[in-house]
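First up is the structure itself, then whatever we jot down about it.
The values are calculated or read from the model by the stated rules, or taken from the named source; none is laboratory data. Not measured: the values here are computed from a predicted model. Virtual Cβ from ideal backbone geometry, glycine too; neighbours counted across all protein chains shown.
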Amino acid sequence: MGSTKELTCYTWEEVKKRCTREERWLVINRKVYDITRFVNIHPGGPRVISHYAGQDATDPFVAFHIDQELVKKRMCCLLIGELAPGEPSIEPFKDAAMVEDFRALRTTVEQMGLFHPSKLFFFVTLLHVLLLDVLAYVTMYYGGTSLISLLVTALLLATVQAQAGWLQHDFGHLSVFSRSSWNHVVHQFVIGHLKGAPASWWNHLHFQHHAKPNCFRKDPDINMHPLLFALGKKLSVELGMKKKKYMPYNHQHKYFFFIGPPALIPVYFQWYIFYFAIRRKKWADLAWMISFYVRFGLCYIPFLGVSGTIALFMVVRFIESNWFVWVTQMNHIPMNIDYDQNKEWLSTQLQATCNVDQSLFNDWFSGHLNFQIEHHLFPTMPQHNYWIVCLPLLNPAANKQFLCIATILLLLLLFIHIFLFRPSSISIPAIICQQSLNSSRGDPGATRIPPLRCLLGLFGLCAVLGTLYNSDALCHYFSVTGDRPTQ
């Protein structure tokens, strides 16, 4: 295997058959790798790589690894051949143009430096999490155990848990440091010591979700089908034809509010994370987890006792669970849910994700996961750069919307000119300067606006701002709504 000539040639059909437990192959950049034994020692977990057995894994390989050349060197021992010269580089049933367009997009994104993180951003994010944690303790220390003090403390601690969750998400995706080991260490600290959960558990579940989002039996985030909920049009019909009914699915939109957001973390995750760490012998993760519970107990048992501290902890988990579920599930559950169709990376991610309106609050509240499409296309990109990918520079379909935005802004200035200022001059800057000069001279008449004109001006201003906010132009510009490619 020292040279290309010694490599055995395979066809896509031969690779496709190697997707069983006994034999697993995949293709990366036309090279064929046998991962049958490697899956058990794969750093990202055995399942995430197995989900691409018998398939082309080029794009997910690029998406998940920050140092691809280093990984390829370590994979040399797995190399068994390459695609035959007559075989296409992309699986025959896939849209080659779409694949090439997406790869060109990724090249552009890399050239723009959007995979380079802002260390200051993540330092400030970590600092604000730690300060909120301290503030929660200070509230209890000075406020005592009054109802108001308890509520404020619980809200602060829940905010700490949610924000630490978004922060660990970036470290888990290797988005912060150039070396994977540094990301892993800080990831263990944030998710283990600040949240009380094992990093290996998060990796095991979350990487599968990214590899095959909304793919039944491959994405663990939809394992609630069919035991608790009937998800997706095709899967629901299939369930109906089998005449299997585990729950009253016709009422799932009602009981979701009781067994979904409120219960996921305090009822299910809370015990499963310990089961996972102990069964898989993740002792380092378990040590970090224990440090969280010891610290929490030392802080609040002196004020509330053991039972009171447990009650406070469960309230915090209850609030965090609602926060977490609504943020994460609204990006995926409304989208297509089906078995793995082995589509292009772009199609796989687009059909399973959607974005949420952009705002400063939404960005903070969701850890920028309101840009779910961009995150799924480029999982190692730091969260503060998602919005840049949406710019018309990378979305040619939105370029034509700039004219609409400029027109609306011009109308806004026109309303200000006609209704809020004296229409004696065409130059709006000159009017503003004159108003300021007269006001500084003490001329009260200079700033007197007739009530009717003021009302009309405010009405017009609100109308224009409303139009601007809801316009397709702005939606395309920020890539928060608007038409998406149909698959």
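Couple of notes before you dig in:
- Filter result (in contact with a helix residue (DSSP H, G or I) (Cβ under 6 Å, 6 or more places away or on another chain), closer than 28 Å to His187 by Cβ and touching a residue at least 24 places away in the same chain (Cβ under 8 Å)) within the range 127-150: Val129, Leu132, Asp133, Ala136, Tyr137
Residue by residue, here is whether (1) over 18 Å from Thr145 (Cβ atoms); (2) β-branched (Val, Ile, Thr) holds:
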| site | (1), (2) |
| --- | --- |
| Cys299 | no, no |
| Pro302 | no, no |
| Phe313 | no, no |
| Val325 | yes, yes |
| Ile333 | yes, yes |
| Trp345 | yes, no |
| Asp363 | yes, no |
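- The helices (runs of 4 or more DSSP H) found wholly in the range 1-87 and carrying at least 3 residues that are at pLDDT below 95 occupy 68-74.
- Condition check for Pro334: free of Cβ contacts under 8 Å to residues at least 60 places away in the same chain and in a loop (DSSP other than H, G, I, E, B): yes
- Some residue of the range 280-288 being farther than 28 Å from Ala199 by Cα and assigned by TED's automatic domain parsing to the domain that holds Met314: no
- Answer residue from the range 342-383, given it is of a type in the set (S, T, N, Q), assigned to a loop (DSSP other than H, G, I, E, B) and touching a residue at least 12 places away in the same chain (Cβ under 8 Å) and is nearest to Trp323 (Cα to Cα) among those: Asn370
- Among residues that are of a type in the set (Val, Ile, Thr) and either touching a Phe, Trp or Tyr at 6+ places or on another chain (Cβ under 8 Å) or modelled with pLDDT of 95 or more (or both), Val237 is not included.
- Some residue of the range 47-59 being farther than 23 Å from Asp219 by Cβ and either surrounded by 16 or more Cβ atoms within 10 Å (Cβ to Cβ) or not basic (Lys, Arg) (or both): no
- Against the numbered list (1) touching a strand residue (DSSP E or B) at 6+ places or on another chain (Cβ under 9 Å); (2) part of a loop (DSSP other than H, G, I, E, B), Pro92 comes up short only at (1).
- Counting only helices (runs of 4 or more DSSP H) that fall entirely inside the range 183-266 and contain at least 2 residues that are in the same structural domain as Ala277 (by TED's automatic domain parsing), touching a strand residue (DSSP E or B) at 6+ places or on another chain (Cβ under 8 Å) and not hydroxyl-bearing (Ser, Thr, Tyr), the qualifying elements are 233-241.
- Taking the listed residues Glu82, Glu69, the one that is under 29 Å from His206 (Cβ atoms), outside the structural domain of Ser200 (by TED's automatic domain parsing) and among the acidic types (Asp, Glu) is Glu69, with no other qualifying.
- Which listed residue is over 26 Å from the mean Cα position of the chain (by Cα) and closer than 23 Å to Gly367 by Cβ, from Leu131, Leu135: Leu135
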